[in-house]
1. Going by C-beta contacts inside 10 Å, put Met531, Met135 in order with the fewest on the left.
2. For each of Asp506, Asp130, Asp479, count neighbouring Cβ atoms within 10 Å of the residue's Cβ, then give the residues from fewest to most.
3. Which of Lys333/Lys464; Lys58/Lys551; Lys544/Lys596; Lys464/Lys596; Lys58/Lys505; Lys209/Lys373 have a Cα-Cα distance over 32 Å?
4. Taking amide H positions as placed in the peptide plane 1.01 Å from N, state which residues far from Gln386 in sequence (5 or more) or on other chains have amide H under 5 Å from it.
5. Report, in whole Å, the centroid distance computed from the Cα atoms of the range 114-136 and the range 518-544.
6. List residues of the range 324-349, by number, whose backbone nitrogen lies under 16 Å from a label position 7 Å along Cα→C-beta of Asp552.
7. Set the Förster distance to 35 Å, then compute FRET efficiency between Gln540 and Ala196 from the Cβ-Cβ distance, nearest 0.05.
8. Quick one: which of 67-79, 439-451 comes out on top by average Cβ neighbours within 10 Å, and what's the full order, highest first?
Amino acid sequence: MGAPADENRLLEDYKSSGSRESLLALLVAHQDRVYNVCFQVLGRAEDAEDASQETLLKLAEGARSATDADALAGWIYRVSLRAALDLWRRRETARHHEKRSAMNRPSSVPFDDPERRALFEAMERLADGDRTLVMQHYFEKISLEELGARRGLSAVAIWKRIDRARETLKRALLGAGFVAASARLADALESAVPAAAPASLVGEAIVGKILAGGMAVGATKSSIIPAVVVAMLLLFAISTGGYVALRSRGCVTPPAPGQAATTKSQPVPAPAPHGTPANSESTVRKSPDSKEALLQTLARYQSWYDEYKRLLTQPIPADDPMHHIRLRYEGFKQFTEARARIFEDPQTFLDFVRDPANETLVVSGMVGDLLNKNKQVLDGWFIDRQYYKEFPPALLDGLITTLRSGSVAVKTGILGFFRNVHDVPADYDALFLDLVDDPNPSVQTTALWALWRGRRLDPSVLEKIRQKADTTFDNSFRDAAVLAIRDSPGPETNQWMLERFENNKDDSLNRVLAHAASKMASIGPADGPLMDRLVKRLVQVINKAEDLYLKDLLNSALMLPPAYSSRVFEFVQFHIANPRLKNGVKQVLEEARAGKATAEELQHLFHRATRD
């Protein structure tokens, strides 16, 4: 209960209506808070106003995702601080010749610029709750008693939390070499003077910008359903590098009621030669009964999916944790003829996808189930690489048209399919990038998957994804963004990834960040200082990790050149209790000390030593 009642009311009004009036009221209510943070960092009114505008343009998105006004306040402090620091870094070089003592600012934190920047960078690394208390007490001058009353705590308890946060900031300043500043921290914070936003900061112009970008639309009631699809996509990307590969353990495919377990497949048309439309008369010959055959396939898919949903309610076998996921992909065997039938009659399939009665099927992944090339390899299945030119243009263009105006469920289902279609037209990618800003988090995440497709992204696209990853409340988007950025290594993105890994406190995200940072660092010539920081952070995280994430973290370390991965293993070997993992670490170290093994050979050795 940390926020005043009127802040909660304004947030609820906006989330329920999404109206221009409620958005304006929300912006006005928080403009001083945003501006004050930016001013404390930047110390100059013009700069603070620029950073505040950047934050306020994102506030609608933060409000939609916030569970309450307390969470929104924490988001505001974090995003405002990051926006101000980013602006400082961008402008530092451009005006390095200026004397910042002539900034014409009222009292702010009385540190020199390097000290102040170090302080706010340390504050950026605080947990949201601690940062909120520090900023509210020192920068907004809210008393300990009032902060305690909002949270149902005593003033003494609040002070203890603030004091612990101050000690963390002191240690950060000492570590950065600012000994005198660390000794003056308390006085410097106490002397901060709150700054009120200028009257011109919020008005119809900024509201219009937000509404023009589609950012003020409330989430729809179907936004929860696509989260399952998003979670599955993320699971597959981390474990397989982007394509689905599932081992079969003798599971019997669940037949649709009244149907045999398998159906004789029809031949799939070969891809059209390059430059030939895939739906030309030379590649597609629509038979008189093709519509009826396709409708029968769709009806059979509906029956199978109903049975699959029933099986999902049953317990997962203890010896087969992938059971339910495998059931889904075993279902591919029943619908291998669907792709050819849809190619013959795209319009019937598009009508089925657009029918609101079929929304649950679409969001469940039906489009990809029936259109993807699913290839069997030994005893597993995976989605084969496929290209735009293989499909009838009328089919893909029709899906894109539906994507522009469909519901959240339909958008998510279609985007899930497009993540496996390569070499799409530029206007498709432009739409996917626009949908990264969709009001619904599930659409945002699946749009990112469709845009990324395991490829290297342009710098402007990466910048947008990085900014969104830094400000989102949605864990699925954040994790997918880390994986997308991972595939575009370079000095700036490598540094961004390592900084996020060093500052993260979420065990689940550490698993993803460790993998991404290690992969990026392993590409190209080794950067010694960056590698040293990465080794240090991997050791910290592995030594504190729960058993659930330990093997993944060790595998991430093995992506590094052997000289660095062996350093990680040397430091963590005595902290690992799991006998199987301990044995794997021992074998890797013995091989690495011999000095002849490659990173790939060490990875294979560890896999053999630790497999179930």
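1. Numbers: Met531 19, Met135 26.
Placing the least packed residue first, the sequence is Met531, Met135.
2. Numbers: Asp506 12, Asp130 18, Asp479 26.
With the sparsest Cβ surroundings first, the list reads Asp506, Asp130, Asp479.
3. On the way: Lys333/Lys464 40 Å; Lys58/Lys551 37 Å; Lys544/Lys596 30 Å; Lys464/Lys596 42 Å; Lys58/Lys505 24 Å; Lys209/Lys373 42 Å.
Where the Cα-Cα span goes over 32 Å, the pairs concerned are Lys333/Lys464; Lys58/Lys551; Lys464/Lys596; Lys209/Lys373.
4. His422
5. So the two Cα centres are separated by 25 Å.
6. No residue passes the distance filter.
7. For Gln540 and Ala196, the calculated efficiency is 0.25.
8. Working: 67-79: 21.1, 439-451: 26.3.
Highest-to-lowest ranking by the protection proxy: 439-451, 67-79.
Bear in mind these aren't lab numbers, they're just calculated from the coordinates by the rules spelled out. Keep in mind that this is a model prediction, so the values were computed, not measured. Reconstructed Cβ throughout: ideal geometry from the backbone, glycine too, with neighbour counts over all protein chains shown.
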